[in-house]
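The values are calculated or read from the model by the stated rules, or taken from the named source; none is laboratory data. Computed from a prediction, not measured in an experiment: that's the story for all the values here. Cβ: placed from backbone, ideal geometry, glycine included. Neighbour counts: every protein chain shown. Note: areas computed on protein heavy atoms with side chains; ligands, DNA, RNA excluded. Shrake-Rupley method; radii C 1.70, N 1.55, O 1.52, S 1.80 Å.
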Amino acid sequence: MEDKKYSKLKAYFEATQPQMPTDFTDRVMERIKPRRRLAWLYPTIAAVAASALLFLTLHYNNSNVEPAVSPMVAQQQDSIAKVEDKMYIAHHVQSVQSPNTHRTKTVYKPKKASVKRLASPETPDTLGEGIWKQKENVVLALQMLAECEAAGEQIQRNTIVEAAFQSTLKPHHLQLVVSESGDYTVVDDSKPSIIEL
Amino acid sequence: MIDAYILVMKQQDEKDQQIIDRVLRDGQQADFALLVDRYGARLFAFVATMVSCREDVEELAQDSFVKAYRQLAQYDARRGSFYTWLRCIAYRLCLNYIKRQPEVWLETDEQMLNAIPDDEADSVMDTNDDRRISLLIEAIHRLPPTERMLVQQHYFEQQPLAVIAVVTDTDAGTLATRLHRIRKKLYQYIIQKEHGR
C-alpha cells in the first residue's frame, strides 16, 4: 500500500474539503428514530387496525360463542391465519373439539412459556368500536402496520396492536398478552388451563 | 499489499457484521451509531469529493446512512464490506444530486490530451513540489464529480480499483482507463498554468 507516496498531496486536498460536523452521528440517529410528530396519529391508526382484526377474530363466529380464547370455525382458519400471521397476533393454532357443539374450533395459545401480561396505562384513548365500520380506516391501519413491520419499527407496531385492543368491546376476562418474541395472543383469564406455562 | 488490505478489511467486516446482527435481530437500533461513528468521516469525505455545497454534503451523507439503516436487511456480506455497500448507496444518491446541479468542469483539449506522453502524465501525481501540488488540487476540484471521487478514492483512500468498481458498478479495467485520462487532464491543466495560459 503506497500510504506515504501521496500523503502530502492528500493533506493539501483534505485541507480544502469540508469537515464532518462533530454531531453528525447524533443527527443521523435522530433521523432514524420513529417520528414523534406522528405520535398522535399512530395510536389512532393502532386502534383502527388492531381492533379490526380483533373484531374479526372475536365476532366472526356468531353462534355459540364460548368464553374460550377466540373460537373460530375451522373453514375460516385460512383467511384469518393469513391476516393474523401478517399481524403477528397468534402463532399457535390448535383444533379443539368443543364440548358443547360438534364443531371443530380453533384455539389460540401463547407461543412459549413466560408470557407477560400487558399493562399499558399509557395506552391512549381510542375512537371506539364504531371506527371499524369504515372500511377505509381499516385499510389505512393495516397499511400502517405493514409499514411498521417492514421498517422494523417494533415499538410503533406494538403500540398499534395494544391501543386497538383496549378500544374494542370485549369480555372482561379476555386479556392481550405478548411473549418474549413479541407475539401477541388473546387469552382467557377465566380458563387458566388453556394457557401453557 | 492488496492481500493485506483485504485481510484488514475482513477483520473489520466481522465486527461490522456483529453490529449489524445486533441491530437486525435484537432490535438494538442504538448500535447503528457505532457504524456511523466508524465510517462517518470517510463517507463524508467521499460525498464531499462529488458535491461542492457543504450543506448538501451533510444532507447526502446523512441520507446515505439513513438509507443504509432502512435497507440493512438487504446487506449481504458475501458481496462486499459494509463500507463498500455504504459507498454504493452514497454514490447513487450523489449521482442523482449531480444530475440536478448544472456545473462547469475542467475544459479539455482532446488533441492536446492525446499528444501528452503517457509516462509524463502517469507521474503527474508523484510530486512534492508545493506549487505543483496547489495546481493539482485546483485541477482536481475542477474535475467532474465522478472523476474527482475516483482520484480521492484511489490515491487518497488507497482503495483498490476492484473495490471502487463495485461502488460505481463498473469494472476495474474501465476505471484504470478513466484514471489514465484523468491524469492527462491534470497534467494538461498544470502545464497550461505553469506556462501562463
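Interface of A with B. Using a 1.4 Å probe and counting protein heavy atoms only, the two chains hide about 3200 Å² of accessible surface, both sides summed. Report the one residue of B:A115, B:I133, B:Y155 whose Cα lies farthest in the direction of the positive end of the charge dipole of segment B:101-197 (charges on C-beta: Lys and Arg +1, Asp and Glu -1; origin at the Cα centre). The listed residue farthest towards the positive side: B:I133.
Would you please name the trypsin sites (Lys or Arg not before Pro) within segment B:80-184 that are DSSP coil residues with at most 11 other C-beta atoms within 10 Å of their C-beta? Please list the in-between numbers first.
Details: sites: B:R87, B:R92, B:K99, B:R100, B:R131, B:R132, B:R142, B:R148, B:R178, B:R181, B:R183, B:K184; in loops: B:R100, B:R142.
Passing both the DSSP loop test and the Cβ count: B:R100.
With Cα atoms as the point set, the radius of gyration and Dmax of segment B:86-171 evaluate to 14.6, 39 Å. Report summary: the helix-based calculation at 222 nm, which adds -39500 (n - 2.57) for every DSSP H run with n ≥ 4 and divides by the residues of chain B, gives -22500 deg cm²/dmol. Over the Cα atoms of segment B:41-197, the radius of gyration divided by the Kirkwood radius equals 1.00; this is the Rg/Rh ratio. Legend: distances between Cα atoms for B:K15/B:K99; A:K10/B:K185; A:K8/B:K185; B:K99/B:K185; pairs beyond 28 Å are B:K15/B:K99.
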